[in-house]
Amino acid sequence: MKKVIEASMAVALATKFCNPGVIPMYPITPQTHIVERLADLINDGELDAEMIHVESEHSALSAAVGASATGVRTFTATASQGLALMHEILFVASGMRLPIVMAIANRTLSAPINIWNDHQDSMSARDSGWIQIYVESAQEAFDTIIQTYKIAEDREILTPAMVCLDGYTLSHVYEPVELLTQQQVDSFLPKFKPLYKLDTEKPVTMGSVAFPDSFMEIKEGQQNAMLASLNTIKRVHDEFKSKFNRSYGDGLIEKYKMNDAEYAVICMGTICGTARTVIDRLRNEGKKVGMIKLRTFRPFPIQGIINATKGLKGIAVLDRSISLGYKGPVYTEVRNTLCNNKTIINGFIVGLGGRDVTPSHIEKSLNDLNTNKKTQWLK
């Protein structure tokens with residue numbers, strides 16, 4: 001069934017179909033619509049879940065950790081300063097290997113105070129041990145929430161995950177979404193069966209102290225699981241495609257008009273929609289350009305980027321965030337991945353604090369690939 005709904009509602013409905021048992025929440029713009037919709041669904045008897053109204057985002061993720069540790073499927077959502085306040089607990093959740101799924105309605109970090117979109121919040125959490133998937137549309141947000149539970153709960157992975165959607169630019173936009181039924185989701189996503197859980201009948205210790213003789217091995221296990229999730233993300237995406245006939249590249253990256261491209265733009269989120277229109281127009285003018293949509297930022301799809309960029313003369317990487325004192329984080333990862341490649345790779349900082357990313361910005365990034373400036377700010 002296809003309905004025109006807000007992207008936040010698409011996230012809430014997808015979450016409902018996944019049947020989380022506990023939803024700790026704290027409202028923060030622009031993610032509030034997600035948990036408001038979930039509260040409505042619980043109140044209307046459409047979702048059997050406990051929503052915990054906590055006193056802060058730090059408490060929200062702490063409650064999610066406690067619930068997940070008892071073997072309950074959990075969900076929460078946040079943005080911006082809320083994600084920053086969760087920072088301590090992000091590492092706790094990943095270190096305890098708890099497959100929590102969290103939606104991030106991306107919003108910049110203050111100061112100065114700003115409630116609009118960029119990727120500064122989730123990029124600041126990129127080293128916290130969470131899988132990060134960025135979506136372009138309401139449909140992709142709906143589908144990705146469902147896929148992400150299956151990825152995170154895989155017993156070889158057991159890693160928490162963020163589904164990131166651009167605040168306002170996507171979270172508050174109404175788009176047509178092809179919904180699934182509960183029966184369809186149940187046929188794709190099995191019930192959560194934790195490998196270990198807190199149980200008075202079968203006691204275990206979770207989150208204990210790790211001495212220097214074991215801490216590195218634990219982190220190595222997390223790293224191995226994160227790297228293994230590259231194949232899991234692709235496999236789960238392919239299963240979803242086979243079952244429901246919808247796909248987003250290979251689950252890690254999506255290529256647009258790249259078959260004979262000589263120049264390409266690499267970007268994430270809603271910028272990709274604008275980039276498609278620019279690529280189409282430049283193609284009509286005879287220019288061999290394409291787009292590589294980076295869907296999964298953590299784990300970073302190194303081999304996918306290498307394969308997608310073979311033979312290119314130039315690459316424009318668009319970052320909606322900045323690592324102050326250095327460069328854009330996506331540019332840094334792409335540059336490092338292609339360090340042995342002679343292709344021109346330029347980074348462009350765009351859209352900070354909700355600044356519109358226009359077709360002219362994207363066209364300029366492609367036109368400026370032959371300049372010597374490695375990082376430019378497009379305003």
Can you work out ³J(HN,Hα) from phi for every residue in segment 23-28, in order, using Karplus 6.51 cos²θ - 1.76 cosθ + 1.60 and θ = phi - 60°, giving whole Hz and x for Gly and Pro?
10, x, 8, 9, x, 8
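What is the Cα convex hull volume of segment 253-377 when expressed per residue in Å³?
Values: hull volume 12.5 nm³, N = 125.
Spelled out: Cα convex hull of segment 253-377, divided by residues, is 100 Å³.
Which of the chymotrypsin sites (Phe, Trp or Tyr not before Pro) found in segment 294-379 are loop residues per DSSP with 10 or fewer other Cβ atoms within 10 Å of their Cβ?
Values: sites: F297, Y326, Y331, F348, W377; in loops: Y326.
Answer by residue number: Y326.
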Once amide H atoms are placed 1.01 Å from N in the peptide plane, what residues at a sequence separation of 5 or more from C164, or on another chain, have their amide H within under 5 Å of its amide H?
I104, I133, Y134, V135
I want the antiparallel fraction of DSSP beta bridges within the chain, as a percent rounded to 5.
25
Relative to the longest principal axis of the C-alpha atoms of the chain, give the angle of the C-alpha long axis of helix 215-244, reported between 0 and 90° and rounded to the nearest 10°.
80
Under a plain spin-label model, where a point goes 7 Å from the Cα along Cα-to-Cβ, how far apart in nm are A228 and K197?
2.1
Please give every one of the lysines within straight-line cross-link reach of K257, meaning a C-alpha to C-alpha distance under 17 Å, and leave out same-chain neighbours fewer than 8 residues apart.
K287, K288, K293, K310, K313
In the chain, if the dipole is taken from +1 on Lys/Arg beta carbons and -1 on Asp/Glu beta carbons about the Cα centre, which of I271, I151, V101 is farthest to the positive end?
I271
In percent, how large is the relative contact order of segment 77-123, given Cα pairs closer than 8 Å and 6 or more residues apart?
45
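Express the relative contact order of segment 253-377 as a whole percentage, based on alpha carbon pairs under 8 Å and six or more residues apart in sequence.
Numbers: 205 pairs, mean separation 35.0, N = 125.
Dividing the mean separation by the residue count of segment 253-377 yields 28 percent.
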What residues have an amide H closer than 5 Å to that of T70, excluding those fewer than 5 places away on the same chain, when H is modeled at 1.01 Å from N in the peptide plane?
L198
Each residue of segment 193-200 in order: what ³J(HN,Hα) in whole Hz does its phi give by Karplus 6.51 cos²θ - 1.76 cosθ + 1.60, θ = phi - 60°, with x for Gly and Pro?
10, x, 5, 9, 7, 6, 8, 5
Stick to the Cα atoms of segment 63-188, pair each with every other, and give me the Kirkwood hydrodynamic radius in Å at one decimal.
15.1
Within the chain, excluding any GluC sites (Glu not before Pro) found in a DSSP loop (not H, G, I, E or B) and having at most 16 other Cβ atoms within 10 Å, the longest uninterrupted segment runs 56-155
Would you mind computing, in nm to one decimal, how far apart the modelled labels at S214 and K287 are, each placed 7 Å from Cα along Cα→Cβ?
5.8
Between R298 and residues 5 or more places away or on another chain, which pairs have amide H atoms under 5 Å apart, with H built 1.01 Å from N, and which residues are they?
Q132
Placing +1 at every Lys and Arg Cβ and -1 at every Asp and Glu Cβ, with all other atoms neutral, what dipole size does segment 253-377 have around its Cα centre, in debye to the nearest 20?
160
Rounded to whole angstrom, the alpha-carbon centroid of segment 351-369 lies from that of segment 220-293 at a distance of 19
Hey, what did segment 2-244 get for relative contact order, percent, Cα under 8 Å, at least 6 apart?
24
Can you compute the charge dipole magnitude of the chain about its Cα centre, using +1 on each Lys and Arg Cβ and -1 on each Asp and Glu Cβ, nothing else charged? Give it in debye, rounded to the nearest 20.
1460
Dipole axis of segment 253-377 (+1 Lys, Arg; -1 Asp, Glu on Cβ), positive-most option in N336, S321, V357:
N336
Apply the a/c threshold of 1.5 to the C-alpha gyration tensor of the chain and tell me whether it is rounded, prolate or oblate.
prolate
Relative to the longest principal Cα axis of the chain, at what angle does helix 271-284 sit, 0 to 90 degrees, rounded to 10?
30
Compute the long axis of helix 138-152 from its Cα atoms, compare it with the longest principal axis of the Cα atoms of the chain, and write down the angle in degrees, 0 to 90, nearest 10.
60
I'd like the Karplus ³J(HN,Hα) series for segment 84-99: coefficients 6.51, -1.76, 1.60, θ = phi - 60°, whole numbers in Hz, and an x wherever there's a Gly or Pro.
4, 5, 6, 3, 4, 7, 4, 6, 5, 4, 6, x, 8, 6, 9, x
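Read-outs: derived from the displayed coordinates by stated rules, not from any lab. Only a predicted model underlies this, so the values are computations on that prediction, with no experimental measurement involved. Neighbour counts are summed over all protein chains in view; Cβ atoms, including those assigned to glycine, are modelled from backbone coordinates with ideal geometry.
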